[in-house]
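*Asks:* Quick one: the structure is below, and I'll ask about it shortly.
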Amino acid sequence: MTATMKLVSRVRRLGCVLAFCFLALFLWGLPVARALDNGLAMTPTMGWLHWERFMCNVNCQEEPDSCVSEKLFLQIAEIMASDGWKDVGYEYLCIDDCWMAPKRDSEGRLQADSKRFPGGIRRLANYVHSKGLKLGIYADVGNKTCAGFPGSFGYYDIDAETFADWGVDLLKFDGCYCDSIKHLADGYKHMSLALNRTGRSIVYSCEWPLYMWPIFKPNYTEIREYCNHWRNFADVYDSWQSIRSILDWTTSNQERIVPVAGPGGWNDPDMLVIGNFGLSRDQQITQMALWAIMAAPLLMSNDLRHISLEAKALLQDKDVIAINQDPLGKQGYRLRKEDNFEVWERPLSNLAWAVAMVNLQEIGGPRSYTISLTSLGQGLACNPDCLITQLLPVKRKLGFYEWTSSLKTQINPTGTVLLRLERAS
Ligand code: GLA
């Protein structure tokens, strides 16, 4: 290489570093907009939600163990309390679509399907509370739920009161069958205020932006004032393609969505599907690491009655959960993509940083990636030095590093290395 070429490439590199720093500063430095004032979700909600794994299975005759029924929720509640899930933070046991009877009662109230939920929701809530857990439920802003059960349009106040009476602690409010963008926005706001008026603390989980995107760009400042978390993108499936598409959507929109996340209001990239059928070990590690970096609600959708020890250990990893639940409450972002590697970072409290490096290449074996520490955390993460701990795929203390040094890692195809960097001096 000639001296001029070297200079040009150095200037180019500096240009890139500056561009990334600018992006990082933009995503990191903005003050967060006002959040829904209900004092809830100061860190991302953690729990379990039935949809991805159990969907709308209402056939309890033939599939008594996997239909949407009281029995399923009683069993999951028992396991969440006894198998360490609650202890590491998974607190909300959430019912999704298909819990309702096909019609409201004579007074216009929603009612649970009496065959599948013979004790009703109030009794289920009592049991869930007796285990030290909280109960989530599902309804829809439009005329019907996505699976065709009664919608809440025209019944927002009644439904909010019913949920509060039953002792519900979280509402997932879907956006199917809403006939206009105005009804969608009005409905999401109306339900938020109605829940607050009940006087019960109810986390409000929205899908408002997801249903707006095809038509309008959502106003996230407004959404944050009404919702504790909000889905932006398509439903998660039990596949790597689905996880990738969620990550790709997130990076394409990070300038818009990262700055609005913070205590009280979070972007929701949908459920954790770890412990099911579709993701390899490395892909499960990637989902866990990136959901921690994204400050995402950690709502598992899996069968806790039958889950491998490996998946359980990953989901219960306290160090990774601590990154997700970090009290600073700033969502992480992708810092760079090169050669089919992605580097993500997230600022944490006490000037610490989380860094995730993903190997997106789906051919070949583990590839090595070297990262220069000056490039992390706007040049501050390891300045003048830092202690680095690798958290995933396995926990390993990597030791003391100086600002000008670099770190070499090996990353499996579709896998992730997750690090925590702490100031040393
Ligand atoms: C929509 C939601 C899903 C789930 C289903 C239920 O697709 O995005 O998360 O709640 O409806 O029907």
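*Asks:* Where residues in the stretch 159-196 are part of a helix (DSSP H, G or I) and touching a Lys or Arg at 6+ places or on another chain (Cβ under 6 Å), which of them is farthest from the ligand (Cβ to nearest atom)?
*Replies:* Ala164
*Asks:* Also: So which of Trp48, Trp28 is surrounded by 17 or more Cβ atoms within 10 Å (Cβ to Cβ) and at pLDDT 95 or above? If you could, list the steps in order and put the result at the bottom.
*Replies:* On the way: Trp28 fails: at pLDDT 95 or above.
The conditions single out Trp48.
*Asks:* Looking at (1) in contact with an Asp or Glu (Cβ under 7 Å, 6 or more places away or on another chain); (2) on the phi > 0 side of the Ramachandran plot, can you tell me which one Cys98 breaks?
*Replies:* (1)
*Asks:* Mind listing whichever residues of the stretch 261-320 are among the polar types (S, T, N, Q) and touching a strand residue (DSSP E or B) at 6+ places or on another chain (Cβ under 8 Å)?
*Replies:* Of everything in the stretch 261-320, those that are among the polar types (S, T, N, Q) and touching a strand residue (DSSP E or B) at 6+ places or on another chain (Cβ under 8 Å) turn out to be Asn267, Thr286, Gln287, Ser301, Asn302.
*Asks:* Here is a follow-up. For the stretch 201-318, please list each of the helices (runs of 4 or more DSSP H) lying entirely inside it that holds at least 2 residues being away from the ligand (no atom under 14 Å from the Cβ), farther than 28 Å from Cys67 by Cβ and modelled with pLDDT of 95 or more. Working first, answer last.
*Replies:* Working: elements: 208-212, 220-226, 240-252, 254-257, 281-293, 309-315.
Filter on the stretch 201-318 gives 220-226, 240-252, 254-257, 281-293.
*Asks:* Let me ask another. Criterion first (among the small types (Gly, Ala, Ser), closer than 22 Å to Ser239 by Cβ and under 21 Å from the mean Cα position of the chain (by Cα)) does Ala292 satisfy it?
*Replies:* yes
*Asks:* Next question, about the same structure. All but one of (1) under 23 Å from Asp248 (Cα atoms); (2) buried (at least 17 other Cβ atoms within 10 Å of the Cβ); (3) among the hydrophobic types (A, V, I, L, M, F, W, C) hold for Ile363; state the number of the condition that does not hold.
*Replies:* (2)
Table: residues versus (1) closer than 29 Å to Ile371 by Cα; (2) surrounded by fewer than 23 Cβ atoms within 10 Å (Cβ to Cβ).
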| position | (1), (2) |
| --- | --- |
| Asp270 | no, no |
| Met294 | yes, no |
| Leu314 | yes, yes |
| Lys330 | yes, yes |
| Glu338 | yes, yes |
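*Asks:* Which residues, counting only those in the stretch 393-425, are part of a strand (DSSP E or B) and either hydroxyl-bearing (Ser, Thr, Tyr) or closer than 19 Å to Pro347 by Cβ (or both)?
*Replies:* Tyr401, Ser406, Leu407, Thr409, Thr416, Val417, Leu418, Leu419, Arg420, Leu421, Glu422, Arg423
*Asks:* For residues in the stretch 61-90 being buried (at least 18 other Cβ atoms within 10 Å of the Cβ) and assigned to a loop (DSSP other than H, G, I, E, B), which is nearest to the ligand (Cβ to nearest atom)?
*Replies:* Among them, the one singled out is Val68.
*Asks:* So which of Ile411, Ile371 is under 23 Å from Thr250 (Cα atoms), without any contact (Cβ under 8 Å) to a residue 40 or more places away in the chain and hydrophobic (A, V, I, L, M, F, W, C)? Break it down into steps so the answer makes sense when it comes.
*Replies:* Numbers: Ile411 fails: without any contact (Cβ under 8 Å) to a residue 40 or more places away in the chain.
After ruling out the rest, the residue left standing is Ile371.
*Asks:* Something else: Do we have Phe153 as part of a loop (DSSP other than H, G, I, E, B), farther than 29 Å from Ile181 by Cα and among the hydrophobic types (A, V, I, L, M, F, W, C) here?
*Replies:* It is false that Phe153 is part of a loop (DSSP other than H, G, I, E, B), farther than 29 Å from Ile181 by Cα and among the hydrophobic types (A, V, I, L, M, F, W, C).
*Asks:* One residue is enough: does the stretch 146-158 have a residue meeting the conditions within 24 Å of the chain's Cα centre (by Cα) and either surrounded by fewer than 24 Cβ atoms within 10 Å (Cβ to Cβ) or of a type in the set (D, E, K, R) (or both)? Walk me through how you get there before you give the answer.
*Replies:* Of all residues in the stretch 146-158, those within 24 Å of the chain's Cα centre (by Cα) come to 146-147.
Imposing the further condition that a residue be either surrounded by fewer than 24 Cβ atoms within 10 Å (Cβ to Cβ) or of a type in the set (D, E, K, R) (or both) reduces the set to 146-147.
Yes, the conditions are met somewhere in the stretch 146-158.
*Asks:* Looking at this structure, is Cys98 within 16 Å of the ligand (Cβ to nearest atom) and either under 26 Å from Ala322 (Cα atoms) or surrounded by fewer than 22 Cβ atoms within 10 Å (Cβ to Cβ) (or both)?
*Replies:* Judged against the criteria, Cys98 is not a match.
*Asks:* Report every pair of residues separated by at least 6 positions or lying on different chains whose Cβ atoms are under 7 Å apart, first residue within the stretch 43-70 and within 15 Å of Asp268 (Cα to Cα), second among the aromatic types (Phe, Trp, Tyr) and away from the ligand (no atom under 16 Å from the Cβ).
*Replies:* Met46/Tyr90; Gly47/Tyr90; Trp48/Tyr90
*Asks:* Looking at Gly136, Gly148, which one is out of contact with any helix residue (DSSP H, G or I) (no Cβ under 9 Å at 6 or more places or on another chain), at positive phi and either free of Cβ contacts under 8 Å to residues at least 60 places away in the same chain or within 16 Å of the ligand (Cβ to nearest atom) (or both)?
*Replies:* Gly148
The values are calculated or read from the model by the stated rules, or taken from the named source; none is laboratory data. Computed from a prediction, not measured in an experiment: that's the story for all the values here. A quick note on method: Cβ atoms are made from the backbone with ideal geometry, for glycine too, and the neighbour counts reach across all protein chains shown.
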